[in-house]
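The values are calculated or read from the model by the stated rules, or taken from the named source; none is laboratory data. Predicted model, so just to flag it, every value in this text is computed and none were measured. No Cβ is skipped: glycine too gets one built from the backbone with ideal geometry, and neighbour counts run over all protein chains shown. Each accessible area value is taken on the protein alone, full model and side chains, heavy atoms only, with ligands, DNA and RNA left out. Shrake-Rupley method; radii C 1.70, N 1.55, O 1.52, S 1.80 Å.
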Amino acid sequence: MDLRKQSVMIVLLCFLLLCKAQAAVHYYDFVLKETNFTKLCSTKSILTVNGSFPGPTISAHKGDIIYVTVHNDGTYGVTIHWHGVRQPNDPWSDGPENITQCPIPPGSSFTQRVNLASEEGTLWWHAHSDWTRATVHGAIVIHPPRGASYPFPEPHGQETLIIGEWYEGDVMKIIKDALASGGEPTASDAYTINGQPGDLYACSNGTTHRFSVVPGKTYLIRIINAAMNENHYFGITNHTLTLVGTDAAYVKPFTTPYLLITPGQTMDVLLKANQKPGLYYIVASPFHDGASPYDNTTATAILQYHRSFNTSHHRHRHPHPPLVFPDFPEHNDSSAAFNFTKRLRGLGTKSHPINVPKKVDKRIYMTVAVNLLTCNASTCNTTTKLAASLNNVSFQIPSIDILDAYYWNKTGIFTKDFPKEPPNYINFTNPSNAVFTTTGTRVIMLNYNESVEIVWQGTNNTLNTAENHPMHLHGFSFYVVGQGLGNFNNKTDPESYNLHDPPEVNTVNLPLNGWLAMRFVANNPGVWFMHCHFERHSSWGMDTVLIVKDGKTKETSMLPPPKDMPPCSK
C-alpha cells in the first residue's frame with residue numbers, strides 16, 4: 001500500500017472512531033392526553049403522556065442529546081421538567097411553569113432540548129404545572145458513555161421501579177380547593193409501584209407489578225420516588241440492597257436492608273438473587289415525621305424468581321407471597337432517616353471525581369418553615385390560610401415567566417432583594433418563632449463561577465408543623481458537606497464538614513428541626529428554580545429562584561431562547 005492510500009485509511013479509521021465516540025441524538029414525541037385508568041375498583045380519566053402511567057422511559061448514554069417534542073392534547077396548559085438534568089447554559093428547556101417558561105397551551109407543541117452532558121445513572125422527567133406531575137412522569141435511564149462501563153461488575157439485568165401516588169379525586173381540583181380554603185389538601189388514596197398499588201388495596205392484586213430474576217444473578221434496580229408528598233422506605237423481603245448511585249451520580253457502595261428515598265430522589269441499587277426461589281414482596285411504605293395528615297398505606301410489587309409460580313395456573317393459586325414484609329423502622333423514626341442520609345458518600349475515583357469547592361465566595365443561610373397568611377374569610381374557611389416560606393418569604397409565582405423577564409429586562413416581575421435571614425434568626429427551633437410570613441417574588445443573584453454554600457435550617461413554631469423537607473435545585477447538582485440536628489452553629493459545625501467524599505445530589509432530605517449544608521459552583525448561567533419537593537409545600541410558597549449571571553465569554557453565557565417558546569398570557 002502506497003503512503004497516500006495508507007494516509008487515507010488512517011484518516012478514515014480516525015473518522016470512524018471519532019463518530020463512534022460522539023454523542024448520539026435521540027428524538028421523542030410526548031403526547032399529553034386524557035386517558036381512562038381503573039384502580040381501587042373505579043375508573044377515572046387522568047392526564048398522561050402517550051396514554052401510559054407512568055409515562056415512557058427515555059434511554060440514552062451520558063453525553064447524548066435528546067429532543068422531546070411535547071404535544072399538548074389536554075385541556076389546560078402544562079410544562080415538562082427534566083429532573084436532575086443540568087441543561088448547561090440552556091434554562092429554556094428546563095420546564096417549571098412561569099419560572100423558565102409559560103405553559104404549553106392546549107392544541108400546541110414545544111420541542112425541548114435535553115442535554116445529558118454530565119449525568120450518569122437514573123433521573124426522571126415530570127410535569128411542572130400545579131399538581132399535574134401526579135400522573136405525568138417517567139424515567140430517564142442514562143447508561144455510561146459508549147465504550148465505558150459501570151464502576152461495578154456488569155449486572156445480569158436491570159429494572160426501573162417508580163414509586164407514585166394515586167388520587168381517586170381530580171388532582172388539579174384537590175390543590176385548587178385546598179388553596180382556596182386555606183387548609184391541607186386531601187391525601188392520596190394509594191401509593192403505586194410502576195403504576196400499580198399492589199396486593200394490599202381493593203381490586204388491585206390482579207395487576208401487581210412483577211419483576212422476574214434468575215437465581216444467583218445480580219440486578220441493577222433503578223428506584224425513583226415520584227410520589228407527591230411523602231418520603232418512602234423501600235425494601236425487598238429477605239434481601240439486602242447495595243446502594244451504588246443516587247441522582248445520577250455514583251456513591252461508595254454500602255449494603256442496607258432498606259432505603260429512605262425522598263420525592264424527587266433516584267437511587268440505584270444492586271440486588272443479588274441469592275434467596276430460596278419463590279416470591280418476595282417489594283415494598284414502598286411512607287416515612288412521615290410531621291403532624292399533617294398523610295396516606296398511611298403501603299404499595300407492593302413482587303420479586304419473582306424465574307419459574308416460581310409463573311404459569312397462569314400457579315398465578316391463580318398463589319396470587320401473592322406470604323404476608324411478610326421487610327423490617328422497616330417506624331413510620332416517624334426521624335433518627336433512622338437522618339442516619340441513612342448521613343451514610344451517603346461520593347465515589348471519588350479517577351473516572352468519577354469529587355470536585356467539592358474548598359473555598360466559598362458566597363454563603364446563604366436559608367430557614368425553612370410552614371406558616372400562615374391572612375385570608376379573607378369569605379373565601380377561606382377561616383381568617384388564615386396555610387403557607388410555606390424560605391427566610392420568611394412565601395414565594396409568589398408570577399404570570400410571566402421569570403426567565404423571559406430576566407432575559408428581556410422586563411421590570412415588575414421579580415425583585416432581587418431576597419432577605420439574608422429572617423429577624424428571628426437565632427433560635428430557629430424555638431416554638432416562639434413567628435407564625436405569619438410575608439409574600440413576594442424574590443430571587444437570589446449569583447455571579448458566574450462563584451462557589452456557593454447554602455445552609456438550610458429546619459424550623460418549628462406554635463403550628464407544630466416541623467418535618468423533614470426534600471429540597472431540590474434545578475440546573476445543578478450539589479455536594480452535601482454537612483448535616484446535623486438542632487440549630488446550625490456557624491463556628492463549630494463547619495469543623496465537621498466532609499470535604500473529602502461528600503455525595504453529589506440534586507435533591508436532599510433536610511432533617512426534622514435540623515440543618516444541612518450544601519456547596520456548588522455557579523457555573524451554569526440562567527434562571528433556576530429551588531424548592532421543596534413536597535408538592536403541597538411548593539404550592540404554599542416554599543420556593544425561590546437562583547439567577548446565575550453570564551460569564552465574560554460566549555461559552556460562559558446563557559443561550560438565546562428557541563423560536564417556539566410557548567407564549568405568555570401577559
Residues of the stretch 155-176 satisfying the condition of being farther than 21 Å from residue 299 by Cβ and in a strand (DSSP E or B): 157
Of all strands (runs of 3 or more DSSP E) fully inside the stretch 64-135, the set with 3 or more residues that are hydrophobic (A, V, I, L, M, F, W, C) is 65-72, 121-127
What are the residues in the stretch 36-49 that are crowded, with 16+ Cβ neighbours inside 10 Å and among the polar types (S, T, N, Q), if any? 48
Taking the stretch 461-497 as the search range and keeping residues that are of a type in the set (Asp, Glu) and farther than 22 Å from residue 370 by Cα, which one is least open to solvent (accessible area, probe 1.4 Å)? 493
Say we look at the stretch 318-341 and pick out the residues that are under 30 Å from residue 305 (Cα atoms) and aliphatic (A, V, I, L, M); which of these is most open to solvent (accessible area, probe 1.4 Å)? 323
The lone exception for residue 132 - which of (1) under 18 Å from the mean Cα position of the chain (by Cα); (2) open to solvent by 10 Å² or more (accessible area, probe 1.4 Å); (3) of a type in the set (Ser, Thr, Tyr) it fails: (2)
Which of the residues spanning the stretch 368-392 are among the hydrophobic types (A, V, I, L, M, F, W, C), in a strand (DSSP E or B) and open to solvent by 20 Å² or more (accessible area, probe 1.4 Å)? 372, 373, 386
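For residue 123, are the conditions met, namely being in contact with a Phe, Trp or Tyr (Cβ under 8 Å, 6 or more places away or on another chain), modelled with pLDDT of 95 or more and closer than 25 Å to residue 478 by Cα?
Yes.
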For a quick check of your reading of the model, give me the residue pairs whose first member lies in the stretch 106-117 and is more than 13 Å from residue 559 (Cβ to Cβ), whose second is of a type in the set (Asp, Glu), with beta-carbon atoms closer than 8 Å and at least 6 apart or on different chains. 106/73; 107/73; 109/564; 110/564; 111/564; 116/64
Residue, nearest to residue 101 (Cα to Cα), within the stretch 542-559, restricted to residues that are β-branched (Val, Ile, Thr) and out of contact with any strand residue (DSSP E or B) (no Cβ under 7 Å at 6 or more places or on another chain): 556
Just checking, does the stretch 475-498 include any residue being under 23 Å from residue 415 (Cα atoms) and modelled with pLDDT of 95 or more? yes
Filter pass, residue 458 being open to solvent by less than 10 Å² (accessible area, probe 1.4 Å), among the small types (Gly, Ala, Ser), in contact with a Phe, Trp or Tyr (Cβ under 8 Å, 6 or more places away or on another chain) and modelled with pLDDT of 95 or more: no
Residue in the stretch 12-25 that is modelled with pLDDT of 95 or more and in contact with a strand residue (DSSP E or B) (Cβ under 9 Å, 6 or more places away or on another chain) present: yes
Within the stretch 45-76, residues closer than 16 Å to residue 121 by Cα and of a type in the set (D, E, K, R) come out as 62, 64
How many residues, within the stretch 177-210, are open to solvent by less than 10 Å² (accessible area, probe 1.4 Å) and part of a strand (DSSP E or B)? 4
Within the stretch 342-363, the residues that are under 18 Å from residue 456 (Cα atoms) and open to solvent by 20 Å² or more (accessible area, probe 1.4 Å) are 342, 360, 361, 362, 363
May I ask you to say which residue of 90, 64 is among the acidic types (Asp, Glu) and open to solvent by less than 10 Å² (accessible area, probe 1.4 Å)? 64
Run down 1, 9 and say which single residue is modelled with pLDDT under 50, farther than 19 Å from residue 148 by Cα and in a loop (DSSP other than H, G, I, E, B). 1
